[in-house]
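All remarks here apply to the structure that follows.
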Amino acid sequence: MIYNNKELMSHFSIKCYYSKGMTVYQENDLCDRIGFVHTGKLKLTHFTCSGEERVLAILNENDIFGDFLINSLHPYFPGTLVAIEDTEISFLDKYSINSLIKNNDDFRIYYLNQLSEKSLELNFHNKILMQCSLREKILMWLDHESIEKKSKIISIHSKEQLANYFNVARPSLSRELSEMKKNGLIDYDLNCIQILY
């Protein structure tokens, strides 16, 4: 992995520190470098015309960001990137990225793997959002998570985060989960959903 490779990490900037709540990038800021998250957690958010927050992505330790944008013809952040806990980030400029992609096999494999994984996640999320009903979205997501985790018990961070993922209001999600529980499809608490079907 890149974070265990001292030679690769030497190309990145020194660590930059962001306290919880600090903004790393504003929506529509130019992306002229990628970031590597050493510790902490970030969220990429967008506000709708009605002022509702939509979380586009959560970034965790050892994730990189800006990789989709850096060589794009429109390299501007689609949302605001905010630290949701104290976070350490290192950056790598566009010239260095393209040089490493060309000359360093380890970095090229890591970088392409990151792009591939994010692309698959995005495609799956689009499939979720294309489902006709909220129940169909939930069931598709539960089936996918169950296969990935090899478990019928699926951890959730918060209902608000899950509602954002399904692009619905939190009360709508709570009502549907309650109905699914009554129908014997699931059981749930604050931290997890158990698949019963």
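The values are calculated or read from the model by the stated rules, or taken from the named source; none is laboratory data. These numbers come from a predicted model, not from an experiment. Neighbour counts run over all protein chains shown; Cβ positions are idealised from the backbone, glycine included.
Taken over region 138-165, the residue count meeting the criterion of being within 15 Å of Asn191 (Cα to Cα) and acidic (Asp, Glu) is 2.
Checked against the criterion of being touching a Cys at 6+ places or on another chain (Cβ under 7 Å) and not assigned by TED's automatic domain parsing to the domain that holds Glu52, region 156-172 has at least one qualifying residue. Can you confirm whether region 98-105 contains a residue that is in the same structural domain as Met9 (by TED's automatic domain parsing) and in contact with a strand residue (DSSP E or B) (Cβ under 7 Å, 6 or more places away or on another chain)? No, that holds for no residue.
Between Ser96, Ser146, Ser155, Ser116, the distinction of being of a type in the set (S, T, N, Q), free of Cβ contacts under 8 Å to residues at least 24 places away in the same chain and at negative phi belongs to Ser116 only.
For region 92-106, name all the residues that are surrounded by fewer than 19 Cβ atoms within 10 Å (Cβ to Cβ) and not in a helix (DSSP H, G or I). Within region 92-106, Asp93, Asn104 meet the criteria. Screening region 119-197 for strands (runs of 3 or more DSSP E) wholly inside it with 1 or more residues that are loosely packed, with under 12 Cβ neighbours inside 10 Å returns the ranges 153-155.
Put simply, of Leu112, Leu92, Leu120, Leu73 the only residue that is in contact with a Phe, Trp or Tyr (Cβ under 7 Å, 6 or more places away or on another chain) and in the same structural domain as Ile58 (by TED's automatic domain parsing) is Leu92.
Every listed requirement among (1) under 20 Å from His38 (Cβ atoms); (2) in contact with a Lys or Arg (Cβ under 9 Å, 6 or more places away or on another chain); (3) part of a helix (DSSP H, G or I) is met by Asn113 save one, (2).
Put simply, of Asp67, Asp32 the only residue that is within 22 Å of Asn5 (Cβ to Cβ), charged (D, E, K, R) and assigned by TED's automatic domain parsing to the domain that holds Lys102 is Asp67. The residue that is surrounded by the fewest Cβ atoms within 10 Å (Cβ to Cβ), counting only those in region 56-83 that are of a type in the set (Phe, Trp, Tyr) and part of a strand (DSSP E or B), is Tyr76. Considering Ser116, Ser96, the condition of being under 30 Å from Lys15 (Cβ atoms) and either modelled with pLDDT under 90 or under 18 Å from the mean Cα position of the chain (by Cα) (or both) is satisfied by Ser116 alone. If you filter region 15-55 down to residues that are of a type in the set (Gly, Ala, Ser) and farther than 20 Å from Leu69 by Cα, you find that the one that is surrounded by the most Cβ atoms within 10 Å (Cβ to Cβ) is Gly40.
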